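Chemist: After the structure tokens below, expect a handful of questions from me.
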Amino acid sequence: MKKVVIIGAGPAGLAAAYEFYVQKKLKDHKILIFETDSQVGGISKTLLYKGFRFDLGGHRFYTKFPEIHTFYRDFLGGDMYKRKRLSRIYYEKKFFDYPLSAGNALTNLGFLRSTEIAWSWLKRQFSRHEEERTFDKWISNRFGDKLFRIFFKSYTEKVWGIPTDRLSADWAAQRIQNFDLPKAVVNALFKVNPGSKTIISSFYYPKYGPGMLYEKIRALLKKEGVEFHLGHEVVGFKKLKNAISAVIVKKKKSGRLFQVNGVDHVISTMPLNKLISYLAPPPFLKKEIEKLRFRSFLTVGLIVKSNPFPDQWIYVHDPTVDVGRIQNFKNWSPYMVERKKKCTSIGMEYFCDKGDTLWELSDLALVQKAQQELIQIGLAGKKDFVDGFVYRVDDAYPVYNFGYRKPLKKSKEFVSRIKNLGVCGRGGMYRYNNQDHSILTGFYAVRNYLSRDPKWDVWKINEDGAYLEEK
Ligand SMILES: Cc1cc2nc3c(=O)[nH]c(=O)nc-3n(C[C@H](O)[C@H](O)[C@H](O)COP(=O)(O)OP(=O)(O)OC[C@H]3O[C@@H](n4cnc5c(N)ncnc54)[C@H](O)[C@@H]3O)c2cc1C
């Protein structure tokens with residue numbers, strides 16, 4: 001039996017283990033999955049609190065890969081519901097339809113401001129930024145300076161926690177590719193997107209949230225003999241020449257360390273920079289990986305009476321509150337809530353850095369803050385709150401800060417030289433992957449290990465990042 005260690009039981013790690021099953025390789029491979037958390041699913045897990053379900057952030061199931069769609073279908077069958085998207089943007093005490101609609105945008109912005117936006121765009125067309133490697137310049141060239149300041153700056157800085165002139169344009173290019181102000185206007189007027197793909201107007205969602213998928217995969221694999229070690233964090237490695245010979249694991253509850261020896265292969269989905277720091281990198285790389293940083297995130301789950309708004313989620317661009325996005329899970333699936341109680345589960349999402357003021361606030365203070373902000377936005381009254389809790393997510397977003405490419409390239413080169421190591425997933429590849437990308441990288445990592453065929457190169461997945469999910 002060959003011994004394979006998989007680090008992380010998120011979508012990528014589970015997909016990797018599943019691929020061993022699909023390829024009928026479980027009879028000659030002993031698979032051990034180590035997962036820090038007590039639950040599988042990674043960032044795509046669903047939390048259950050007092051009969052109400054919460055995603056860490058609402059997770060749409062949308063994919064361009066037929067293979068992944070089939071995978072979803074195989075596991076979820078009739079429990080995968082098609083949902084029509086309803087989301088809006090909250091800004092300056094107003095709700096903007098999103099995707100924008102002309103009448104609503106014009107009413108909310110007013111004629112004067114709309115004219116200023118158009119004028120500012122026109123001026124920028126005559127003096128475009130020649131190089132547009134940062135987010136602010138990339139957006140200004142396409143939408144004008146005024147609209148950049150109104151709509152893009154505050155939200156983007158909330159998400160990433162750095163000024164937009166230090167954020168790489170890659171992120172904008174991935175998410176808003178092939179779109180500009182004239183196209184936005186045509187789209188708002190006629191509901192068509194000339195020259196670019198449409199915003200995803202419908203998506204699938206599992207009956208009990210995304211966690212349902214990952215629990216099902218876990219149940220199948222467990223039955224097939226895959227070993228799940230939840231509450232176990234990988235904290236180091238032993239290397240022999242250019243290969244990993246042992247994996248060092250910490251039992252979270254007791255803090256006890258132990259070593260898994262005789263490892264034939266390792267598939268890692270843990271954050272790439274952390275992985276490298278455990279692999280005795282040369283001094284120059286040690287410095288380089290400090291430039292790869294992750295943005296963290298916390299969600300305040302609130303149980304709220306009745307159902308205060310019809311959207312699945314609302315983007316909060318308004319800078320007077322810290323919340324970045326508000327989810328209403330009853331509108332994702334009615335099965336997310338305890339039905340007898342006539343309440344809904346609301347997720348208040350805050351982007352932060354581990355250890356910053358927001359992150360360090362007590363749970364009670366965060367619940368109170370979230371309640372107060374929901375009241376300020378006008379979506380709930382004081383008497384509507386039933387209960388609340390907080391969930392913090394470290395390493396949620398790989399930050400495409402200006403200059404992340406070189407350390408990433410060096411990191412890729414370093415890990416590829418370790419003979420029995422494969423990386424995959426979002427943090428594992430430091431790539432802004434969605435679930436489907438992560439799952440596919442998990443499949444590829446195993447196919448590559450089994451066949452050594454370079455066509456299963458994980459780095460080819462989501463390479464262009466042209467996902468066009470958000471505009
Ligand atoms: C707010 C938000 C909203 C999102 N919305 C969508 C959406 O609508 N649709 C969509 O498709 N995708 C969405 N995503 C992306 C999706 O969550 C990720 O793409 C997916 O979860 C990545 O899977 P992964 O396995 O690569 O990584 P993760 O989900 O991060 O899983 C990695 C796992 O590794 C574990 N781990 C890390 N270090 C160690 C260690 N040292 N030892 C042991 N275990 C370790 C972690 O605990 C984690 O469970 C969203 C993400 C966020 C943050």
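Chemist: Output the pairs from 2/207; 369/410; 216/252; 2/252; 94/291; 253/382 with a Cα-Cα distance over 32 Å in this structure; if there are none, say none.
Modeler: 2/207; 369/410; 94/291; 253/382
Chemist: Cα-Cα pairs above 18 Å in the range 235-383: how many percent?
Modeler: 69
Chemist: Under 13 Å from a point 7 Å along the Cα-to-Cβ line of residue 30: which residues of the range 210-226 have their amide N that close?
Modeler: Within reach of a label on residue 30, which here means backbone N under 13 Å from a point 7 Å along Cα→Cβ, the range 210-226 contributes 226.
Chemist: How would 205, 21, 444 line up from fewest to most surrounding beta-carbon atoms within 10 angstrom?
Modeler: 21, 444, 205
Chemist: At 10 °C and 1.306 mPa s, what whole-number value in µm²/s does Stokes-Einstein give for the translational diffusion of the range 100-198, with Rh from the Kirkwood sum over Cα pairs?
Modeler: 114
Chemist: Sticking with this structure for a sec: Quick one: what are the phi-derived ³J(HN,Hα) couplings along the range 300-316, Karplus 6.51/-1.76/1.60 with θ = phi - 60°, whole Hz, x for glycine and proline?
Modeler: 3J(HN,Hα) across the range 300-316, in whole Hz: 9, x, 10, 9, 10, 5, 6, 9, x, 8, x, 5, 6, 8, 10, 7, 10.
Chemist: DSSP loop (so not H, G, I, E, B), at most 14 other Cβ within 10 Å: list which GluC sites (Glu not before Pro) in the range 3-94 pass both filters.
Modeler: 92
Chemist: If amide H atoms are built 1.01 Å from N in the plane of the peptide, which residues on other chains or at least 5 residues away come under 5 Å of the amide H of residue 318?
Modeler: 90, 92
Chemist: Would you mind calculating the gained length between residue 287 and residue 235 on full extension (0.36 nm times residue separation, minus the Cα-Cα distance), in nm to one decimal?
Modeler: Residue separation times 0.36 nm, minus the Cα-Cα distance, leaves 16.8 nm.
Chemist: Same structure, new question: Fewest Cβ neighbours within 10 Å first, please rank 230, 374 accordingly.
Modeler: 230, 374
Chemist: Hey, what do the phi angles of the range 124-135 turn into as Karplus ³J(HN,Hα) couplings, whole Hz, using 6.51/-1.76/1.60 and θ = phi - 60°, x for Gly and Pro?
Modeler: In residue order, the calculated couplings are 5, 5, 8, 9, 5, 4, 5, 9, 10, 8, 10, 4 Hz.
Chemist: Tell me, what ³J(HN,Hα) does each residue in the range 80-90 have, in order and in whole Hz, if you take phi through Karplus 6.51 cos²θ - 1.76 cosθ + 1.60 with θ = phi - 60° and put x for Gly and Pro?
Modeler: Those phi angles translate into 9, 8, 7, 10, 8, 6, 9, 9, 9, 10, 9 Hz.
Chemist: Here is a further query. Amide H neighbours of residue 49 under 5 Å, at least 5 residues apart or on other chains, H built in the peptide plane: list them.
Modeler: Here 54 satisfy the definition.
Chemist: Would you pull out the residues with amide H under 5 Å of residue 29's amide H, same chain only if 5 or more places away, H placed 1.01 Å from N?
Modeler: Counting only residues 5 or more places away or on other chains, the set is 2.
Chemist: Can you tell which of 189, 139, 115 lies farthest toward the positive end of the dipole of the range 100-198, using +1 and -1 charges on the Cβ of basic and acidic side chains (Lys, Arg; Asp, Glu)?
Modeler: Positive-end residue among those listed: 189.
Chemist: Express the relative contact order of the range 221-326 as a whole percentage, based on alpha carbon pairs under 8 Å and six or more residues apart in sequence.
Modeler: 14
Chemist: Another question, if that's okay. Rounded to the nearest Å, what's the spacing between the alpha carbon centres of the range 206-265 and the range 421-440? Just the number, please.
Modeler: Centre-to-centre (Cα) distance: 17 Å.
Chemist: Across the Cα atoms of the chain, what radius of gyration and what greatest pairwise Cα-Cα distance (Dmax) are found, in Å?
Modeler: Rg and Dmax of the chain, Cα atoms, are 22.8, 72 Å.
Chemist: Could I ask something else about it? Please state the relative contact order of the range 100-198 as a whole percent: Cα pairs under 8 Å, 6+ residues apart?
Modeler: About 30 percent, as a whole number.
Chemist: Something else about it: Among bridges DSSP assigns within the chain, what percent are antiparallel (round to 5)?
Modeler: In the chain, DSSP labels about 75 percent of beta bridges as antiparallel.
Chemist: Rounded to the nearest 20 Debye, what is the dipole magnitude of the range 369-471 about its Cα centre when Lys and Arg each give +1 and Asp and Glu each give -1 at the C-beta?
Modeler: In debye, rounded to 20, the range 369-471 gives about 560.
Chemist: Still on this structure: In terms of Cα to Cα distance under 18 Å, which lysines are near enough to residue 64, apart from those fewer than 8 places away along the same chain?
Modeler: 82, 84, 197, 460, 471
Chemist: I've got another one for you. Kindly provide the helix-only [θ] at 222 nm of the chain, computed as the sum of -39,500 (n - 2.57) over DSSP H runs of four or more divided by all residues, to the nearest 500 deg cm²/dmol?
Modeler: One gets -10000 deg cm²/dmol as the mean residue ellipticity at 222 nm.
Chemist: Next question. Counting only C-alpha contacts under 8 Å and six or more residues apart, can you give the relative contact order of the chain as a whole percent?
Modeler: 24
Chemist: What is the extension gain from residue 451 to residue 253, computed as 0.36 nm multiplied by their sequence separation minus the C-alpha to C-alpha distance, in nm to one decimal?
Modeler: The span from residue 451 to residue 253 would gain 67.5 nm if fully extended.
Chemist: Contour minus end-to-end for residue 65 and residue 79, with contour as 0.36 nm per residue of separation and end-to-end as the Cα-Cα distance?
Modeler: 3.1 nm
Each value in this text was obtained by applying a stated rule to the coordinates, not by laboratory testing. In this text the structure is predicted, and so the values were computed from the model without any measurement. Cβ atoms come from the backbone with ideal geometry, glycine included; neighbour counts cover every protein chain shown.
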